[in-house]
1. Relative to the longest principal axis of the chain, what angle (0 to 90°, nearest 10) does the C-alpha long axis of helix 372-383 take?
2. Would you mind estimating how fast the chain diffuses translationally, via Stokes-Einstein at 4 °C and 1.567 mPa s with the Kirkwood radius over Cα pairs, in µm²/s?
3. What's log10 of I(q)/I(0) for the stretch 20-115 at q = 0.12, 0.13, 0.25 Å⁻¹, Debye sum over Cα points only, no solvent?
4. Normalized C-alpha radius of gyration of the stretch 341-422, against 2.2 N^0.38 Å?
5. For the stretch 67-163, what is the convex hull volume of the alpha-carbon atoms per residue, in Å³?
6. May I ask for the angle, rounded to the nearest 10°, between helix 334-343 and the longest principal axis of the chain, with both axes built from Cα atoms and the value confined to 0 to 90°?
7. Considering every pair of different Cα atoms, what Kirkwood radius, in Å, is found for the stretch 392-506?
8. Against the longest principal axis of the chain, how steep is helix 241-250, in degrees 0 to 90 to the nearest 10, with axes from Cα atoms?
Amino acid sequence: MSEKIFIFDTTLRDGEQCPGASLNTNEKLEVARYLEKMEVDVIEAGFPISSPGDFEGVETIAKNIKNSTIAGLCRAVEQDIKCAWDAIKLARKPRIHTFIATSPIHMKLKLEKSPQEVLEQAVQAVKIAKSYCPDIEFSAEDASRSDPEFLYTIFEEVIRAGATIINIPDTVGYSQPTEFGHLIKDIKKNVPNISQAVVSVHCHNDLGLAVANSMEAINNGARQIECTINGIGERAGNASLEEIVMALHTREDFYNMTTNINTRYIYPTSRLVSRLTGFVVQPNKAIVGRNAFAHEAGIHQAGILKDASTYEIMKPQTIGLESNQLVLGKHSGRNAFKNRLSELGYTLDKEKLNKSFEQFKQLADKKKEIYSEDLVALMSEVLVEDMKDIYELRYFHINTGNSILPTATVSLVKGGDIYEDAACGDGPVDAVFNAIDRITGVKVKLSDYYIKALTRGKDAQGEAVVEIKDNGNSFVGRSISTDTLEASTKAYLKAINKMLSRQLKCK
Ligand code: KIV
Ligand code: ZN
């Protein structure tokens, strides 16, 4: 009988805290809904004390997500713990996750505290947290560079104080798999009350070993794995959820472990996170990269045609990817659309179904063949559109060529009023962005802009991603269209709307 590995997803905390990935509350909730459908055991929804936006995101997720445990992160400080509790208290299954650094480097140079002071603070924090909530996780930050003897003591004491999960982070991605496995084994052997807690690991990918370290930890007794969708996170990121889950799934014969994860949601969730954060998934990324199931070499293709198992160790359908499958076209009706969406894992209420069907029809008018990837892209657009934009696009016209100065006219609506202006630019995109700047009156720095094709063919949908910077904060806007200028215009406007609504909230 296989043992269970708990999957703790920290996409919305460690993933979201990396530069450029910031999501608004609406977007965070959408990701959380997908994580819930995927049946992750724990969703770490954010770090409530770090900003009002983080608090709001965690609170909203706590109120809306019913099946997964909702964790809020906090330092081992009373005010942080109280704030985390306030954000998660309405969750059906709340968890307080408190942490303090335990390595000599961090204790001396960052905290300026002695090991004894750190030990006392950790125990005190767990006691405070326990007074709010039964489910308490304690993390020894930078555990892999800590003195193992000190780890045994601190874990024993925090378990005695009420911690139900002890987490061993490889915070700076320094550990090597065998070494990390030994650390987990030694902790299991040398902490006398360890059987009263679940052993968890949290690995960073600085040396590209986050998944290998997590798997080795499982081999040595860890039963909760902290990870993120697409492996996003601080610096080189965290262990990737899809790689861990699919390794356990594909090699159950080796690990004899299972997870709760409904793997069919892996691909749609990966797409959603990539779109919302603007972080492109590298084409050769294991499991969810564009090429992960593509076979180029003739000899491989011949093998695949005879029997897919010759070169495929997983079926694309297992992760929710019906690659290359022509799904729908302009004559497809509402029922066919609805059925296809439900095969891809989307269950929509009537209003969302109507809205997405309308957008599907518009897309089918422009693009003859609609693939699964088109539908996944369309859904990630529809599902996060609920937030009311400050400025909406009425139209744009661009006059361009290789012998004239590109000029754009843009018309926007704000609060029922129509605004129009025109501007020139170095190219058509620059012209349209300048016209939007003139209307909205904003002065921002464009820090990133790119377009990529989402599907194949001349009529492929293009996704534009725009990142702007204002006062050190970055705002990402994305949009999809078969017309790349339209996608760019809408993406820029979305980034500006995000910035303006943040300015309004901070007033
Ligand atoms: O990397 C780390 O140590 C963390 C902890 C807060 C768990 O993210
Ligand atoms: Zn981390």
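Values in this text are rule-based calculations from the coordinates and carry no lab data. Quantities reported herein were computed from a predicted structural model and do not represent experimental measurements. Please note: Cβ atoms are built from the backbone with ideal geometry, for glycine as well, and neighbour counts cover all protein chains shown.
1. That works out to roughly 80 degrees.
2. On the way: Rh = 24.4 Å.
The diffusion coefficient I find is 53 µm²/s.
3. The Cα Debye sum returns log10 ratios of -0.41, -0.47, -1.17.
4. Working: Rg = 17.1 Å, N = 82, 2.2 N^0.38 = 11.7 Å.
Cα-based Rg divided by the globular estimate yields 1.45.
5. On the way: hull volume 8.4 nm³, N = 97.
Dividing the Cα hull volume of the stretch 67-163 by its residues yields 87 Å³.
6. 30 degrees
7. Details: mean 1/r = 0.0690 Å⁻¹.
Answer for the stretch 392-506: a Kirkwood hydrodynamic radius of 14.5 Å.
8. Orientation of helix 241-250: about 70 degrees from the principal axis.
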